[in-house]
Amino acid sequence: CTIGCPNCLEAAAGLDTLHSRYHSGEFISLRNYIQAGALSNQWSEALATFYGADLFPNVIFNGTTSITGGGDDVASGLMYLPVLAAKRFAPSPVKMEITAYNASQSTLAGRVTMLSPDFVLNGATLRIFLVENNVSADASHVVREIVTQTFSLSGQNNYADISAFFTTLPVNFQNFWAAAYLQLPDRTIIQAASTLPQPQFQIRAAFDWSSQIIGPANSNYLSQPVWF
């Protein structure tokens, strides 16, 4: 996003539509403001350079799928919903947890656990974000600082603890939260987590066969195993 950009307001409205449909365990959005005065910072500017983003707004899903510009389909979320739906149930070789966050001291701790027996995470990038909500009527989910680290992990059930010490000290603690994601060298984000509240109970199904099976009417279909 940038300042004085009507299309950026439409992009924000579209992202809010996604937030209204999915909880924070399913969808997280972080907004880096570029050339936007007090909303901008050196970390957000550097991340825009990393992505080669020169058109705004630029909404990037999972580090790889970029949608620029505004319009009615953006403001309504119609441009974003199919992209999110296609990635919503993508598997990940790692589990990421944020185990502690202290807003007053601006510190974070967490853990990444390898779930896959054969995936090797080598030369990945761990980005940890300090984020502020409700900065103004038009600005929320504003990235205030980014801690960037290189990250490697392999071996099923092996884990690595992560931490961040932000230099930005919040004033309105209740508006601040934190998030983190792991990004491969090809920019694919394979896992993310945040300190935002989530539902007490969540039910998920996992299956490695098509989610759309069409057969004859009034007939039975015996599926492969499905795990809940």
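Which residue is most open to solvent (accessible area, probe 1.4 Å), if the candidates are limited to the stretch 135-163 and must be under 23 Å from LYS95 (Cα atoms) and assigned to a loop (DSSP other than H, G, I, E, B)?
ASN157
Say whether the condition of being surrounded by 18 or more Cβ atoms within 10 Å (Cβ to Cβ), closer than 18 Å to PHE129 by Cα and of a type in the set (Val, Ile, Thr) is met by at least one residue in the stretch 29-42.
yes
Suppose we filter ILE190, ILE162 for residues that are of a type in the set (A, V, I, L, M), more than 24 Å from LEU9 (Cβ to Cβ) and touching a Ser or Thr at 6+ places or on another chain (Cβ under 7 Å); which single one remains? Walk me through how you get there before you give the answer.
Working: ILE162 fails: touching a Ser or Thr at 6+ places or on another chain (Cβ under 7 Å).
After ruling out the rest, the residue left standing is ILE190.
For the stretch 177-201, enumerate the residues that are within 30 Å of ARG144 (Cα to Cα) and part of a loop (DSSP other than H, G, I, E, B).
Start the filter on the stretch 177-201 by keeping residues that are within 30 Å of ARG144 (Cα to Cα), which leaves 177-200.
Correct list: LEU184, PRO185, ASP186, ARG187, THR188, THR195, LEU196, PRO197, GLN198, PRO199, GLN200.
Within the stretch 203-215, work out how many residues are over 30 Å from ALA109 (Cβ atoms) and open to solvent by 100 Å² or more (accessible area, probe 1.4 Å).
Total satisfying the criteria: 3.
What are the pairs with Cβ atoms under 8 angstrom where one residue, in the stretch 26-44, is among the aromatic types (Phe, Trp, Tyr) and the other, located anywhere, is surrounded by 20 or more Cβ atoms within 10 Å (Cβ to Cβ) and at pLDDT below 90? Sequence gap at least six, or different chains.
TYR33/CYS1
Could you check, for the stretch 146-159, whether at least one of its residues is under 20 Å from the mean Cα position of the chain (by Cα) and closer than 25 Å to LEU9 by Cα?
Narrowing the stretch 146-159 to residues under 20 Å from the mean Cα position of the chain (by Cα): 146-152.
Checking which are closer than 25 Å to LEU9 by Cα leaves us with 146.
Scanning the stretch 146-159, I find at least one residue that is under 20 Å from the mean Cα position of the chain (by Cα) and closer than 25 Å to LEU9 by Cα, so the answer is yes.
Looking at the structure I just gave you, is GLU97 open to solvent by less than 60 Å² (accessible area, probe 1.4 Å), over 14 Å from LEU184 (Cβ atoms) and among the charged types (D, E, K, R)? Walk me through it before giving the result.
Details: open to solvent by less than 60 Å² (accessible area, probe 1.4 Å): no; over 14 Å from LEU184 (Cβ atoms): yes; among the charged types (D, E, K, R): yes.
Spelling it out, it is not the case that GLU97 is open to solvent by less than 60 Å² (accessible area, probe 1.4 Å), over 14 Å from LEU184 (Cβ atoms) and among the charged types (D, E, K, R).
Out of all the residues in the stretch 164-202, which are over 17 Å from PHE27 (Cβ atoms) and open to solvent by 50 Å² or more (accessible area, probe 1.4 Å)?
PHE165, THR167, LEU169, VAL171, ASN172, PHE173, GLN174, PRO185, ASP186, ARG187, GLN200, PHE201
The values are calculated or read from the model by the stated rules, or taken from the named source; none is laboratory data. Quantities reported herein were computed from a predicted structural model and do not represent experimental measurements. Here Cβ is always computed from backbone atoms with ideal geometry, including for glycine, and neighbour counts include all displayed protein chains. Ligands, DNA and RNA are excluded from the accessible area calculation, which covers all protein heavy atoms including side chains. Shrake-Rupley method; radii C 1.70, N 1.55, O 1.52, S 1.80 Å.
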